[in-house]
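The values are calculated or read from the model by the stated rules, or taken from the named source; none is laboratory data. Predicted model, so just to flag it, every value in this text is computed and none were measured. In this analysis, Cβ positions are derived from the backbone assuming ideal geometry, glycine residues included, and neighbour counts consider all displayed protein chains.
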Amino acid sequence: MQAVVCTRYGPPEVLRLEELAAPVPKKNEVRIRILATAVTSSDCYLRGLRMNPAYRMMARLAIGWNGPRQPVLGMVLSGEVDSLGPDATQFEVGQRVFGFNRHLFGTYAQYVCWPEDGLIAPRPANLTDEEAAAISYGGLLALHFLRRAGVRAGQSILVFGASGAVGTSAVQLARHFGAEVTGVCSTANVELVASLGAARVVDYTVEDFTDGTERYDLIFDAVGKRKSAVALRHCRQVLAPDGACISVDDGTPKLRREDLVLLGELAAKGELRPVIDRTYALDEIVDAHRYVDTGHKRGNVVISVR
């Protein structure tokens with residue numbers, strides 16, 4: 001099979017397309033023929049090992065010293081169940097699925113084997129594989145942190161970084177839960193964020209939301225503290241009494257299969273729209289990583305594996 005191998009930690013050019021043996025499913029595993037995946041910000045952090053020195057040392061010990069022990073990166077997929085391992089009964093050969101795995105990786109390839117009880121769910125029939133691959137990463141993270149913050153109907157919520165993979169999902173999910181959403185993004189993305197259901201959109205290039213009179217029950221940092229630290233320095237002055245501020249960097253999220261199923265159901269009903277900025281072929285993975293590294297993608301960058 002064709003797969004993209006990360007030869008060492010470094011810039012996008014450390015990624016190389018190679019021919020590898022297709023994996024064989026073990027007990028309680030399914031093999032999935034991957035039709036689409038995505039380049040996430042987490043993929044790029046891992047590829048470049050872009051962490052502070054203390055975390056970098058721990059990451060090397062955990063995932064590999066000079067390069068990842070699992071050299072095929074990629075966390076999300078949409079595709080078709082190709083074969084079943086012994087005792088695997090939850091899916092059928094030929095079934096279309098989508099999923100997420102932040103530990104096993106392996107989706108920058110034509111095939112991958114994952115445990116059948118992992119984060120795998122039936123693909124919404126109304127979505128293409130590229131659209132389905134754009135749901136799980138941002139959707140699961142946004143859903144986890146919104147629930148952790150206790151989002152509920154009637155709240156006023158601000159999403160900082162509303163045009164990224166997590167942000168576009170957070171705007172739509174918060175609206176689904178009945179909150180009134182304010183999105184913060186750049187000029188180029190104002191119309192996009194409004195189209196996702198934000199009642200108000202703040203262009204951070206011309207306006208500082210912390211100078212306004214609006215008060216928010218929740219401020220959700222959807223880009224991470226490395227980017228948001230300066231912008232959110234004074235965010236507490238616009239929080240409502242008992243309001244909270246939460247970031248995607250606050251702890252390790254606990255992701256659940258039932259939440260992936262929910263995302264699929266919402267997408268099937270049109271309540272969660274996948275946002276795709278660009279689509280690349282598998283052999284264009286270096287260009288895709290270069291683009292994500294710019295930090296200006298809208299929603300998701302998808303890889304078509306055909």
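Numbers at a glance
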| item | result |
| --- | --- |
| Within region 99-155, tally of residues that are in a strand (DSSP E or B) and either in the same structural domain as Val223 (by TED's automatic domain parsing) or basic (Lys, Arg) (or both) | 0 |
| Arg50, sole failed condition from (1) assigned to a strand (DSSP E or B); (2) surrounded by fewer than 18 Cβ atoms within 10 Å (Cβ to Cβ); (3) of a type in the set (Lys, Arg) | (1) |
| Top-ranked residue of region 64-82 - restricted to ones that are within 20 Å of the chain's Cα centre (by Cα) and β-branched (Val, Ile, Thr), ranked as surrounded by the fewest Cβ atoms within 10 Å (Cβ to Cβ) | Val72 |
| Out of Arg273, Arg175, Arg200, Arg257, sole residue that is of a type outside the set (Phe, Trp, Tyr), over 24 Å from Tyr291 (Cβ atoms) and in contact with a helix residue (DSSP H, G or I) (Cβ under 9 Å, 6 or more places away or on another chain) | Arg200 |
| Region 254-275 residues that are under 20 Å from Thr37 (Cβ atoms), paired with ones that are at pLDDT below 95 (beta carbon under 6 Å, 6 or more apart) | none |
| Complete set of residues in region 1-16 that are among the small types (Gly, Ala, Ser) and either within 20 Å of the chain's Cα centre (by Cα) or at positive phi (or both) | Gly10 |
| Residue satisfying condition, being closer than 30 Å to Gly178 by Cβ, in the same structural domain as Val166 (by TED's automatic domain parsing), surrounded by fewer than 20 Cβ atoms within 10 Å (Cβ to Cβ) and charged (D, E, K, R), within set Lys227, Lys269 | Lys227 |
| The one condition in (1) in a helix (DSSP H, G or I); (2) in contact with a Leu (Cβ under 9 Å, 6 or more places away or on another chain) that Asn189 fails to fulfil | (2) |
| Given (1) within 19 Å of Val275 (Cβ to Cβ); (2) surrounded by 13 or more Cβ atoms within 10 Å (Cβ to Cβ); (3) in contact with a strand residue (DSSP E or B) (Cβ under 9 Å, 6 or more places away or on another chain), number of the condition Tyr216 does not satisfy | (1) |
| Residue identified as among the small types (Gly, Ala, Ser), under 30 Å from Tyr216 (Cα atoms) and over 20 Å from the mean Cα position of the chain (by Cα) among Gly150, Gly94, Gly85 | Gly150 |
| In region 178-215, the residues that are among the small types (Gly, Ala, Ser) and under 24 Å from Ala153 (Cα atoms) | Gly178, Ala179, Gly183, Ala194, Ser195, Gly197, Ala198, Ala199, Gly212 |
